[in-house]
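Okay, so here's the structure we're looking at.
The values are calculated or read from the model by the stated rules, or taken from the named source; none is laboratory data. This one's a predicted model, so the numbers in the text were calculated from it and none came from an experiment. Counting neighbours? That spans all protein chains shown, and the Cβs are built from the backbone with ideal geometry, glycine included.
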Amino acid sequence: MANLLRQMNGELAAVAGEARRSLVTIGNGRSGVGAGTIWHSDGLILTNAHVVQLSAPLVSLPDGRSRPARILAHDDKLDLAALGVDASGLPTIELGKSKQLRPGQWVLALGHPWGVAGAATAGVIIGMGPPPEMGWPNRELIHASLRLRPGHSGGPMVDTHGRLVGINTMMAGPEVALAVPLHVVKAFLHQALA
Amino acid sequence: MTEVLRAVSDALAATVEMAGSGVVRVEARRRLPASGIVWSPDGTIVTAHHVVERDENIAVGLPDGQTVSATLVGRDPTTDLAVLRAEISNLTPPAWVEPDSLRVGHLVLALGRPGQSVQATLGIVSALGESWRTPAGGRVDRYLQTDLVMYPGFSGGPLVDAAGAVLGLNTSALLRGISLTVPTPTLHQVVETLLTHGHVRRGYLGVSAQAVRLPKTLVEELGQETGLLLVSVEPDGPADQGGLLLGDTLVALDGQPVRHLDDLLALLSSDRVSASVPVRIVRGGLLQEVKVTVGEHD
């Protein structure tokens, strides 16, 4: 049994390591950072709208280079933003199926909680839908039992295959993470960049 | 590449789907609905007492999506349990298991259905202990605490083991801020009592009392600062028949200290009904002991 747990730990680390390759840091030259997820190898980056509220975002790529970013599209209601940086050959992440997430299955969230770069946290899917008691009856979000902290916003949420299923967004209460599901992200990009 | 991780993750999700067929939505309060567990195919549902805020106009949401009306069979505030009867048959109860082989560190799931679909959180067993008495006076067969996140609406839902069997009913109201489970044996006992009698028996003394400060010498001798002064004793009631008098100060019942009214209420539990118990009193400044046969509250 201990062997199984060790193997599972190794696999968790592998999934986190893989997902970290598409994780970027988004700063604005002042204190506080957010996260972002590389969507396209030619420099398309996804994050939360609330991460780039201030102008002139600066993106630090996984290889350490920093690039100023242009805000290509943003939607405050969905809390999504698409950024463009001048780069090519960036590592991208395999896409998962957010409509097929099942309560109880494991997910990992990557980001920079309190500025700790590339940190991983794991939990299970609680369910999908509008968050209870927050007054957003029509908002579709992933609910996961893990703790997001300042700096996680905009980072990837991945399944046990390491495939992207959502964008980390906020907490609902002290214990429950909310993420924008991938299919909502896709629809946003389709509409914003078509 | 990630075989074990995927296998465990898939198994967890499959467990949720399997056990989820026995989890219903309970609509019996103004804010967010809560959860309940199918007790038997005939529509009997067990849920948490504190989520059933009204006695009428109760609805139950089933796994297949339909919503049916339900009536309150009975409730036991001391263990935070309530039983409902939904107007439906051929429900699927989950597999129940007694938590005898459960150990600290075991993976467990909490399931809920505050909305249409089943929801889940994962955690481990944090603490296991012997039988205990809730602040409201209910006897629970064992202490079962987890580190599970009790998402809004999860109260009344099941604690599920890795095999998908139900270990008990989760409630966030027995002890505030701690995820506790009422284990299957207590659940069985309370549900059967509620189905038979509609309520859980409570002990009765037939007195009115108020907490008073004890004299200094007694404080040192008893290790408690207050007792209960009897301000009325019902004629021919259990206390009267046992020889308790107006003006006596109750300091212990059945070997347990009585400092406040809550202590006495907690001690007048169903298992003490009809039992002859020693009662320690202060009368004329002196400690005395009398025997009282606890009556039943109606």
Tell me the helices (runs of 4 or more DSSP H) entirely within segment B:188-270 that contain at least 1 residues that are polar (S, T, N, Q).
B:216-222, B:238-241
Where residues in segment A:144-162 are within 13 Å of chain B (Cβ to nearest Cβ) and not charged (D, E, K, R), which of them is surrounded by the fewest Cβ atoms within 10 Å (Cβ to Cβ)?
A:H161
Restricting segment A:132-143 to residues that are out of contact with any helix residue (DSSP H, G or I) (no Cβ under 8 Å at 6 or more places or on another chain) and more than 9 Å from chain B (Cβ to nearest Cβ), the residue that is surrounded by the most Cβ atoms within 10 Å (Cβ to Cβ)
A:L141
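Scan segment B:158-172 for residues that are assigned to a strand (DSSP E or B) and touching a helix residue (DSSP H, G or I) at 6+ places or on another chain (Cβ under 9 Å) and report the count. Walk me through how you get there before you give the answer.
As a first pass, look at segment B:158-172 and keep what is assigned to a strand (DSSP E or B): B:158-160, B:166-171.
With the extra rule that they be touching a helix residue (DSSP H, G or I) at 6+ places or on another chain (Cβ under 9 Å), the set shrinks to B:158-160, B:166-169, B:171.
Residues in segment B:158-172 being assigned to a strand (DSSP E or B) and touching a helix residue (DSSP H, G or I) at 6+ places or on another chain (Cβ under 9 Å): 8 in total.
Matching residues to (1) hydroxyl-bearing (S, T, Y); (2) closer than 30 Å to B:H260 by Cα; (3) surrounded by fewer than 20 Cβ atoms within 10 Å (Cβ to Cβ):
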residue	(1), (2), (3)
B:D147	no, no, yes
B:G153	no, no, no
B:L167	no, no, no
B:N170	no, yes, no
B:I178	no, yes, yes
B:T184	yes, no, no
B:H188	no, no, yes
B:L195	no, no, yes
B:G203	no, yes, no
The number of residues in segment B:118-141 that are part of a loop (DSSP other than H, G, I, E, B), surrounded by 15 or more Cβ atoms within 10 Å (Cβ to Cβ) and either away from chain A (no Cβ under 14 Å) or among the hydroxyl-bearing types (S, T, Y) (or both) is 5
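In this structure, does A:S66 turn out to be of a type in the set (S, T, N, Q) and more than 24 Å from A:V165 (Cα to Cα)?
yes
Looking only at segment B:12-24, filter to residues that are assigned to a helix (DSSP H, G or I) and more than 9 Å from chain A (Cβ to nearest Cβ); which one of those is surrounded by the fewest Cβ atoms within 10 Å (Cβ to Cβ)? I'd like the intermediate steps shown before the answer.
Here is the first cut: in segment B:12-24, the residues assigned to a helix (DSSP H, G or I) are B:12-20.
Among the residues that remain, those that are also more than 9 Å from chain A (Cβ to nearest Cβ) are: B:18-19.
Values: B:M18: 15, B:A19: 26.
Result: B:M18.
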What's the number of the only condition in (1) away from every other protein chain (no Cβ under 14 Å); (2) surrounded by fewer than 24 Cβ atoms within 10 Å (Cβ to Cβ); (3) not in a loop (DSSP other than H, G, I, E, B) that B:L84 fails to meet?
(2)
Entirely in segment A:142-182, the strands (runs of 3 or more DSSP E) that have 3 or more residues that are at pLDDT below 95 and over 10 Å from the mean Cα position of the chain (by Cα):
A:164-172
For segment A:94-129, how many residues are at pLDDT below 95, farther than 14 Å from A:A177 by Cβ and of a type in the set (A, V, I, L, M, F, W, C)?
3
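In segment A:64-101, what count of residues is obtained for those that are under 30 Å from B:M18 (Cα atoms) and surrounded by fewer than 20 Cβ atoms within 10 Å (Cβ to Cβ)?
Step one: list which residues in segment A:64-101 are under 30 Å from B:M18 (Cα atoms), which gives A:94-101.
Okay, now just the ones that are also surrounded by fewer than 20 Cβ atoms within 10 Å (Cβ to Cβ), so A:94-95, A:97, A:99-100.
Final tally of qualifying residues: 5.
How many residues, within segment B:23-32, are within 17 Å of A:G127 (Cα to Cα) and at pLDDT 95 or above? Walk me through how you get there before you give the answer.
Step one: filter segment B:23-32 for residues within 17 Å of A:G127 (Cα to Cα), giving B:23-25, B:32.
Subset that is at pLDDT 95 or above: B:23-25.
Qualifying residue count, segment B:23-32: 3.
May I ask you to say which residue of B:G115, B:G36 is closer than 27 Å to B:R176 by Cβ, at pLDDT below 95 and surrounded by 14 or more Cβ atoms within 10 Å (Cβ to Cβ)? Steps first, please.
Numbers: B:G36 fails: at pLDDT below 95.
From the options B:G115, B:G36, the qualifying one is B:G115.
Condition test on B:P94, is it more than 13 Å from chain A (Cβ to nearest Cβ), at pLDDT 95 or above and part of a loop (DSSP other than H, G, I, E, B)?
Details: more than 13 Å from chain A (Cβ to nearest Cβ): yes; at pLDDT 95 or above: yes; part of a loop (DSSP other than H, G, I, E, B): yes.
Yes; evaluated as a whole, the condition is true for this residue.
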